[in-house]
Amino acid sequence: MFLRRFGWIFAPLLAMSVAGRVVAEAPPLAIERVAVVDVVGGKLVPERTVLIEHGRIAAVGKPGAVTIPPGTVRVDGRGRFLIPGLVDMHVHLFNNATHRPPNDWMFALFVANGVTGVREMAATSRDMQQVARWREAVDGGVLVAPHVLAVGVAVNDASDVREQVREAAGSGADFIKVFSELSPSSWRAVLDEARLRHIPVAGHVPAAVAAVDAAQAGQVTAEHLMQIYEACSSIEGDVLATRQVLDGAAATAMRDAQEMRVLRAFDPAACTKAAKAIVLAGQAQTPTLTIDWFDPGRFTGDYTADPPWHLLRADEQARWRRYLQPASASDRKLADLRWDVSCRIVRTLHAAGANILAGTDTPMPWIYPGYSLHDELERLVDCGLNPAQALRAATVGAAKLLGLDADRGTIEPGKQADLVLLDADPLKDARNLRRIHAVVLAGRLLRRAGMGLPKAP
């Protein structure tokens, strides 16, 4: 479907068999005389030939030092820059709350924007079968889609959370996703049961739990800066005390009602203290700054004029349209304050040495799959990271958090050949990450010129 719709151009293919079907294996691929981006060192390694065979990087070396086999597809990399494939660390491939079809319409948009891996943040145990089918199809070359690198099965209902964790662990989930509505006692039960099952816990920090407590309890990531607003305020103790006497849903509603008060009480000293404690505990942060940047409070017109709008599925367009409404003065004031505080928090976390990850929460309205990861990387730069650091948040940093850094995240022999070929230097300007010439997905060359997508801004 995606091959027909977006006009993907594949390198010549060789036949192989996967699960009883004849599919295609990419021939050897050589990208010659390209500047390889060393994402760990934050520097360019010029004039390198990268040889790819059987979906993996076979060799990286100076021109003439790499033997190129007969039949290899050769790509002129002169004047271009090669980076590892990007990872969006917070996406939603399923619509379990609304019972809509899975969001496979997003796949081509991800890959066209250099997103070759995603972390799914709210699946169910039964969704794991669909994930397995997607993974097989991508690896076999029959589906153009990012690798689903990790799947979190959601636990949001306070009833029998231990059984939910056991079921999720048995389904093959990579981690447990927790939500804001869990009470402190249910959240602790999730963490306890997850330890017994040797499965990590990630997600929201519940509304009645302190951000530092969540980090020290072993929650491996915190999403959306939730509860860090409170930790970076002078009134954290007061507002948490009012929530801890309520059930999870009521506590979440109170948190929303208290947001303006909390944001106005931003305290740089408290924020620095909290950031250092979170870093010491080893918790990574996925700020999803793009949500704040594109907050509905900022809407001033019809965003259906956005270039990628026509690429959305019709039902998704209808859902997004419902969020188009005039913003009140108070809405805009809150949105501006939220953005300011979010950015200050990210600067503080970064200065403390936090592991910051790039995630978007797509397909939240106006968070376009693929396109919005570039928005996120640019917002991270706005908030204190340099382009190399932002790039690490979506490559090797993501791979390390997922325990996959031996297989991906850098351009080295033996690693998965998920790569992005750029027309401009991403270390000079994060916006150059949008200037995609081609994508290599599991060793297959996909040329962006034939994809039928809007030009990058």
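Couplings 3J(HN,Hα) of the stretch 321-331, computed from phi: 4, 5, 8, 7, 8, x, 8, 6, 4, 5, 4 Hz, in residue order, whole Hz [Karplus 6.51 cos²θ - 1.76 cosθ + 1.60, θ = phi - 60°; x for Gly and Pro].
Residue by residue, the stretch 396-401 carries 3J(HN,Hα) couplings of 5, x, 5, 4, 5, 4 Hz when phi is fed to the Karplus relation 6.51 cos²θ - 1.76 cosθ + 1.60 (θ = phi - 60°); x denotes Gly or Pro. Around W134, what is the net charge, scoring Lys/Arg as +1 and Asp/Glu as -1 over all other residues with Cβ under 12 Å from its Cβ? Counting the neighbours of W134, the net charge comes to -3.
For K415, a cut-off of 12 angstrom between C-alpha atoms picks up these aspartates and glutamates, skipping any fewer than 8 places away in its own chain: E53, D405, D407. Calculate how many DSSP beta bridges within the chain are antiparallel, expressed in % of all such bridges and rounded to the nearest 5. Around 55 percent antiparallel, to the nearest 5. Per-residue extension of 0.36 nm, minus the Cα-Cα distance of R264 and D382, leaves a gain of 40.4 nm for this segment.
Considering all different alpha carbon pairs of the stretch 337-457, the Kirkwood hydrodynamic radius works out to 15.6 Å. Only Cα pairs under 8 Å and 6+ residues apart enter the sum, and on that basis the relative contact order of the stretch 273-432 stands at 26 percent. Put simply, the Cα atoms of the stretch 257-382 extend 46, 31, 22 Å along their principal axes, the longest span coming first. Residue exposure proxy: Y323, Y229, Y303, ordered by other Cβ atoms within 10 angstrom of their Cβ from fewest to most, comes out as Y323, Y303, Y229. Relative contact order of the stretch 72-167: 27 percent, from C-alpha pairs under 8 Å at least 6 residues apart in sequence. Spread over its residues, the convex hull of the C-alpha atoms of the stretch 234-278 is 76 Å³ per residue. Each Lys and Arg contributes +1 and each Asp and Glu -1, all at the Cβ; summed about the Cα centre of the stretch 165-206, the dipole is approximately 80 debye. Taking only the alpha carbons of the stretch 79-228, we obtain Rg and Dmax values of 16.3, 58 Å in that order.
Exposure proxy for T221, T124: other Cβ atoms within 10 Å of each Cβ, ordered fewest to most, give T124, T221. Mean sequence separation of contacting Cα pairs (under 8 Å, at least six apart), scaled by the length of the chain, corresponds to a relative contact order of 20 percent. Since only A145, F110, G85 are under comparison, the one whose Cα sits farthest along the positive direction of the charge dipole of the stretch 58-181, derived from C-beta charges on Lys, Arg, Asp and Glu, is G85.
Partner lysines whose Cα lies under 19 Å from the Cα of K177, excluding those fewer than 8 positions away in the same chain, are identified as K400. Taking the Cα centre of the chain as origin and assigning +1 to Lys and Arg Cβ atoms and -1 to Asp and Glu Cβ atoms, the resulting dipole is close to 1100 debye.
Taken one residue at a time, the phi angles of the stretch 425-439 give Karplus couplings (6.51, -1.76, 1.60, θ = phi - 60°) of 6, x, 7, 7, 7, 4, 5, 5, 5, 7, 7, 8, 8, 7, 10 Hz. Gly and Pro are set to x. Backbone amide hydrogens, once placed in the peptide plane, bring V73 within less than 5 Å of L29, A30, excluding anything fewer than 5 places away on its chain. For the pair A327 and D247 in one chain, pulling the backbone fully straight at 0.36 nm per residue adds 25.7 nm over the alpha carbon distance. Spin-label pair D429-E47: with each label point 7 Å from Cα along the Cα-Cβ axis, the two points sit 2.7 nm from one another.
Every Cα-Cα pair of the chain was included, and the share exceeding 27 Å stands at 54 percent. What does the net charge come to around G152 if you take all other residues with beta carbon closer than 9 Å to its beta carbon, with K and R at +1 and D and E at -1? Around G152, the surrounding residues sum to 0. Here's the picture: charge each Lys and Arg Cβ at +1 and each Asp and Glu Cβ at -1 in the chain, and of I68, G282, A123 the one pushed furthest to the positive end of that dipole is I68.
Listed by Cβ neighbour count within 10 Å, with the fewest neighbours leading, H198, H374 appear as H198, H374. Taking the charge dipole of the stretch 301-430 about its Cα centre, with +1 at Lys and Arg Cβ atoms and -1 at Asp and Glu Cβ atoms, the residue from L349, C383, S330 reaching farthest to the positive side is S330. Place a label point 7 angstrom from the Cα of Y303 along the Cα-to-Cβ direction, then list the residues of the stretch 193-231 whose backbone nitrogen is under 20 Å away. Correct set: 224-226.
The equivalent ellipsoid that matches the C-alpha gyration tensor of the stretch 114-157 spans semi-axes of 21, 12, 5 angstrom, in descending order. With the convex hull drawn over the C-alpha atoms of the stretch 56-132, the volume per residue is 151 Å³. Rg/Rh for the stretch 16-158: what does it come to with C-alpha atoms and Rh from Kirkwood? For the stretch 16-158, the value is 1.06. Applying 1/(1 + (r/R0)^6) with R0 = 30 Å to the Cβ-Cβ distance of R162 and L280 gives a FRET efficiency near 0.55.
Remark: the stretch 316-457 carries a charge dipole of roughly 300 debye about the Cα centre, counting +1 on each Lys and Arg Cβ and -1 on each Asp and Glu Cβ.
Grab the other residues whose beta carbon is less than 11 angstrom from that of A351, score K and R as +1, D and E as -1, and report the net. Taking every other residue near A351 into account, the sum is +3. May I ask you to work out the translational diffusion coefficient for the stretch 150-217 at 10 °C, viscosity 1.306 mPa s, via Stokes-Einstein with Rh from the Kirkwood sum over Cα pairs, reported in whole µm²/s? D, rounded to a whole number, is 137 µm²/s.
Since every read-out is calculated from the coordinates, none of them should be taken as a lab result. From a predicted model like this one, the values you see are computed outputs, not experimental measurements. All Cβ positions, even for glycine, are placed from backbone atoms using ideal geometry, and neighbour counts span all protein chains on display.
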